[in-house]
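The values are calculated or read from the model by the stated rules, or taken from the named source; none is laboratory data. Keep in mind that this is a model prediction, so the values were computed, not measured. Cβ sites come from the backbone with ideal geometry, for glycine too, and all protein chains shown count toward neighbours. Quick note on the areas: whole protein, heavy atoms, side chains included, nothing else; ligands and nucleic acids left out. Shrake-Rupley method; radii C 1.70, N 1.55, O 1.52, S 1.80 Å.
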Amino acid sequence: MKLHEYQAKNILKDYDVDVPNGIVINDFNELVNIEKVLTYPTVVKTQVHSGARGKAGGIKLASNFQEVKDFVKSLLGKKLVTHQTGDKGLPINTILLEEGIDIQTELYLAITIDGSVSNPIFISSSQGGMDIEAVADKDPNAILKTTINADIGLMSFQSQEIGEQLGLHKEIFPQLHKILTGLFNAFINSDSSLIEINPLVVTGDGQLIAADTKFSIDDNAAFRQQEIFEIRDKTQEDELELLAEDNGIQNYIKLDGNIGCLVNGAGLAMATMDAIKFSGGSPANFLDIGTANNPDSVVAALKIIASDTDVKAIFINIFGGLARTDIIAEGFVKAKKEGVIKQPTVIRLAGTNVEDGKRILNESNVEFELADGFAEGADLVVKVSSK
Ligand code: GDP
Ligand code: MN
């Protein structure tokens, strides 16, 4: 799960990381109440789950109240399209108004997990403010990676190394140590997968301030991070992925062919992809329905597959173990009757309750093709998809 910048900064404040003073608004009319407390320049920051907002016009510097009003009016309720969001963009429902800070230097600082060493690492660079991927391409030496032993925590020589690499004055080192410690603790305590501060700012009077924050929480930790997951903003998330999640669907992966695949289990998914390729076709996606034993989950799964405009035919390939083939059949018939799927569909069922499954299909009046074997099904769906 991703947090908004303002949510992330609220958490970081609890860990003694300095952030600019700010106020969050969700409605234009809230501006009148806060006119008196604003100072100038004020930074008007759209809260969407994307970086590169600045380049996309989502971060504005206002020098008086009129400009604040103009910017808020032009942004709130609209969509922000950045190079990370895709053409559809993300809805701007919230704006953070922040006290402008006197930026002298922009640095980059992040903490994430390095799987290769099974520990958190700090990533730091004196070239902050911009796209860190571009820095990594052009000048990889400008980036320092510091592995932190999760059991021991940050050691003072490590924050010294990071401070030197960032080119900070010695007087600022204690502030940096405080920020690194705060980030490490916030990262561990919230089961985070990434906290990125870009830019980390050195102000004219030598303060270190987190001017922007990206914060992600590992979804697998949802059960023990309930407080954080309560502030999840689903308006920023992909509709089809939310639909998948609400229906207990474990995996939906988009690919670049034209055959949609409903399968159960990762192994069967891979084998189905192979079979389609052997038959000369190409999968558009696969969706692993797992053991979701409920016809409505099957309808939701087919809705996700069928709404992909690349999908010209659908292959339902289920080996029933815990998953019941009769439930799959029931869900398919329901989806067909509700008009969820228009594409021709090939079905191959094996395993638990397969007689019931086939009977449900054959007694329905909906259109489909039944295949007995795996390879036969793949051949058939490839044929249908190229018609
Ligand atoms: P991002 O584009 O989504 O990463 O959004 P940021 O919050 O990083 O803002 C982009 C840029 O706006 C920063 O790199 C700064 O250069 C600038 N900016 C952000 N806050 C302030 C501020 O308080 N004062 C000034 N002068 N510039 C700011
Ligand atoms: Mn940024």
Quiz item: Using the alpha-carbon atoms, what tilt in degrees (0 to 90, nearest 10) does helix 173-189 show relative to the longest principal axis of the chain?
Solution: 20
Quiz item: Calculated FRET efficiency, LYS234 and MET155, Cβ-Cβ r, R0 35 Å, to nearest 0.05?
Solution: 0.30
Exercise. Enumerate the residues in region 196-228 having an amide nitrogen under 20 Å from the point lying 7 Å beyond the Cα of SER63 toward its Cβ.
Key: 204
Quiz item: In nanometres, what is the gap between the two model label sites at ARG224 and ASN189, each 7 Å from Cα along Cα-to-Cβ?
Solution: 1.5
Quiz item: In the chain, carbon and sulfur make up what percent of the accessible area (probe 1.4 Å)?
Solution: 49
Self-check item: Between region 274-350 and region 47-110, the alpha-carbon center distance in angstrom
Solution: 41
Self-check item: Listed pairs LYS9/LYS36; LYS60/LYS214; LYS79/LYS336; LYS88/LYS337; LYS78/LYS234 exceeding 28 Å between Cα atoms
Solution: LYS79/LYS336; LYS88/LYS337
Practice problem: Note the full-extension length gain between ALA52 and MET130 as 0.36 nm times their separation in residues minus their Cα-Cα distance, in nm to one decimal. | Solution: 27.2 nm
Practice problem: Write down the accessible area per residue of region 22-113 in Å², having rolled a 1.4 Å probe over the full set of protein chains. | Solution: 51
Exercise. Can you tell me the equivalent ellipsoid semi-axes for the chain? Use √(5λ) from the Cα gyration tensor, largest first, whole Å.
Key: 49, 25, 18
Quiz item: Using a simple charge model, +1 on the beta-carbon of Lys and Arg, -1 on the beta-carbon of Asp and Glu, nothing else, what dipole does region 283-387 show about its Cα centre, in debye to the nearest 20?
Solution: 240
Exercise. Provide the per-residue ³J(HN,Hα) series for region 280-295, in order, calculated from phi with Karplus coefficients 6.51, -1.76, 1.60 and θ = phi - 60°, each as a whole number of Hz, with x at glycine and proline positions.
Key: x, x, 8, x, 8, 5, 9, 10, 8, 7, x, 10, 4, 8, 7, x
Quiz prompt | Mean accessible surface per residue for region 272-354, computed with a 1.4 Å probe while every protein chain stays in place, in Å² | solution = 36
Quiz item: Against the longest principal axis of the chain, how steep is helix 156-165, in degrees 0 to 90 to the nearest 10, with axes from Cα atoms?
Solution: 80
Exercise. Sort 207-217, 97-107, 131-141, 80-90 for me by packing, meaning the mean count of neighbouring Cβ atoms within 10 Å per residue, highest on top.
Key: 207-217, 97-107, 80-90, 131-141
Quiz item: What is the distance, in nm, between label points placed 7 Å from the Cα along the Cα-to-Cβ direction at VAL366 and at ASN294?
Solution: 1.8
Quiz item: Using θ = phi - 60° and the Karplus form 6.51 cos²θ - 1.76 cosθ + 1.60, what ³J(HN,Hα) does each residue of region 329-339 get, whole Hz, x for Gly and Pro?
Solution: 4, 4, x, 4, 4, 4, 4, 5, 5, 7, x
Exercise. Treat each spin label as a single point 7 Å out from the Cα along the C-beta direction, and report the HIS169 to LYS78 distance in nm.
Key: 4.0
